[in-house]
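The next block holds one structure in the form of structure tokens; read it before the comments.
Just so it is clear, none of the values below were taken in a lab; they were calculated from the coordinates. Here the structure is a predicted model, which is why all the values come from computation and not from measurement. Methodologically, a virtual Cβ is constructed for each residue, glycine included, from the backbone with ideal geometry; neighbour enumeration extends over all protein chains shown.
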Amino acid sequence: MFYFPQLSTGSIGQYPIQKRRALRTVVNEAADGSQYKLADATFPAVEWTLAFQTLTDSERDALLALMANVEGRLGSFTFLDPADNLLVWSEDLTQTAWTHNSLLTVTAGVADPNGGTSANGLSNTGSGALPVQQIVNGPGWFQYAFSMQARSDSNQQLTLVRSTASGSQSQAFTIGPDWTPLLLSGQLGGTDESVTFAIQLQPGGSADVYAVQVEAQAGASGYKVTTSSSGVYPLARFLSDELSITTDGPNQHSCQIGIHTQV
């Protein structure tokens, strides 16, 4: 499987990033001149325009290699949207995309820090640490930022875990009655093509979590709510058969790339 590469900074793109959603309406004109219009449910698409500056030789070569491997517009690749959350159902951890042991109770619709009810309550009634987790179908060797806000009625530990078949990374955080931002950021080696992100509670622990987010970059950005779809696009394509790159100096290159996918 082919993936749009990460830059050496850990990001997928450089700002500003242009992103647009395209829709199509089918128009049928009758003999009397009247028109019937219907939305084309098979067409909705998302397109990005990524402008890159100061690319290194290795970053340029990675983009050229991907273009060659997929033969321009012909083949597809997985694109991790730099402007979106890579998790689905970020505010409803009771959905089947999130898995957990039956001894870990998950409750949606809990009070959040903004005065709404978009947080989730977690309670571990088991005798060991238990996670609620979700698998993201992205490169295990990419850098990711796993972030959220969390609180608990009493001071306790909550652990964030990122793992593949080849390795794992975890960090324990102490949370209390106030909402606290948490971030697990890092990079694993290996060649695994999926990553599991988990929120783990200690035995007898309980916590409320909000704004759960994963991004393919080093740090957390503003929270993006997701439902049944996320920023993982496995059938993305280039909008051009050639990649025009300008060399601005030694180890300094620039280009603009158009990407398209149907959703």
- Fluctuation leader among GLY140, GLY186, GLY176 - the chain, Gaussian network, Cα springs under 10 angstrom: GLY176
- Task: Provide the FRET efficiency to the nearest 0.05 for the ALA30-SER194 pair, computing r from the beta carbons and using R0 = 41 Å.
- Result: 0.20
- Of SER230, SER90, SER58, which has the largest mean-square fluctuation in a 10 Å C-alpha GNM of the chain? SER58
- Candidate cut points under trypsin sites (Lys or Arg not before Pro) in segment 1-89, DSSP loop plus at most 15 other Cβ atoms within 10 Å of their own Cβ, are ARG24, ARG73
- Item | From the coordinates shown, percent of Cα pairs over 30 Å apart corresponds to which of (i) 28; (ii) 38; (iii) 32 | (ii)
- segment 99-229: percent of C-alpha pairs farther apart than 20 Å? 43 percent
- Note on the structure: With only helices counted (DSSP H, runs n ≥ 4, each -39500 (n - 2.57)), the per-residue ellipticity at 222 nm for the chain, to the nearest 500, works out to -1500 deg cm²/dmol
- At a Förster distance of 51 Å, what's the computed FRET efficiency of THR247 paired with SER170, Cβ-Cβ distance as r, to 0.05? 0.75
